[in-house]
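**Q** Quick one: this structure, given as structure tokens, is what I'll be asking you about.
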Amino acid sequence: MGLFSFFNRKESSNGVDNLNSTNQKNLPEIPENVFLEKDKPQNNSNDETNTKSSTENGINLLLEFLEKNHEGKGYDDALINPDNTHLEQNIEALKNDLERTIRKLKIFYEDFIREIDFHIGSRSRSGMVDTVEELTVKKETAENHIRQIIEIENDAKNNTGIGQGVIISYTRGFRNGLAAISHHSIMKRTF
């Protein structure tokens, strides 16, 4: 008999082993996920995240803001506070959001162009002609975007151009909200 053989011995004399085996047969199987937490796969890979963050910083951020329909917000705001002062304040807030977005983009593109200029200089000293040409194209695209952003900024300051769509949609929604209040409280009344 070995040193640890007494661990392997079954003692059926007291019935403990028989009881354990019958209990194990009657117990349901518990799934592994109850006791173990598995890593959940992330939806975004690094490439997708990097692309998304650079797109959010690009001109697409401004275009998404300009394309957003603010009519519903205007309508809801009119129902909450149907005052022209409230309308004017919210229009100013939208203009400030537009201005803030434009500033972010200008800073982003200025930094991006500075970085491209560094890479163009560095790669041209190394004799990497194709890379320099690709970087030059990227720089021209960034400069074109910044010109468009400045044009939108100037139009917004003069209350013209595509920036007006935001103000028009909000104002339309606000006025529709005022009309809904009038219709509900006055027009539906019978004399």
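All of the numbers you see were taken from the coordinates with simple rules; none came from a lab. Treat the numbers as computed from the prediction; the structure is a model and nothing was measured. Here Cβ is always computed from backbone atoms with ideal geometry, including for glycine, and neighbour counts include all displayed protein chains.
**Q** Any chance you could run the full-extension gain for I162 through S124? It's 0.36 nm times the residue separation minus the Cα-Cα distance, nm to one decimal.
**A** Values: separation 38, 0.36 × 38 = 13.68 nm, distance 3.97 nm.
The span from I162 to S124 would gain 9.7 nm if fully extended.
**Q** If I take R0 = 41 Å and measure r between the Cβ atoms of R147 and R175 in this structure, what FRET efficiency does the formula 1/(1 + (r/R0)^6) give, to the nearest 0.05?
**A** Working: r = 35 Å, r/R0 = 0.85.
For R147 and R175, the calculated efficiency is 0.75.
**Q** Let me ask something else. Order these by the 10 Å Cβ neighbour count, fewest first: S169, S124. Working shown, then result.
**A** Working: S169 18, S124 15.
By the 10 Å Cβ count, ascending: S124, S169.
**Q** Roughly how many nanometres apart are two label points built 7 Å out from the Cα toward the Cβ at D76 and L61?
**A** Rounded to a tenth, the inter-label distance reads 2.4 nm.
**Q** Now for a separate question. Sticking with the crude label model, points 7 Å out along Cα→Cβ, report the distance from N69 to Q89 in nm, one decimal please.
**A** 2.7 nm
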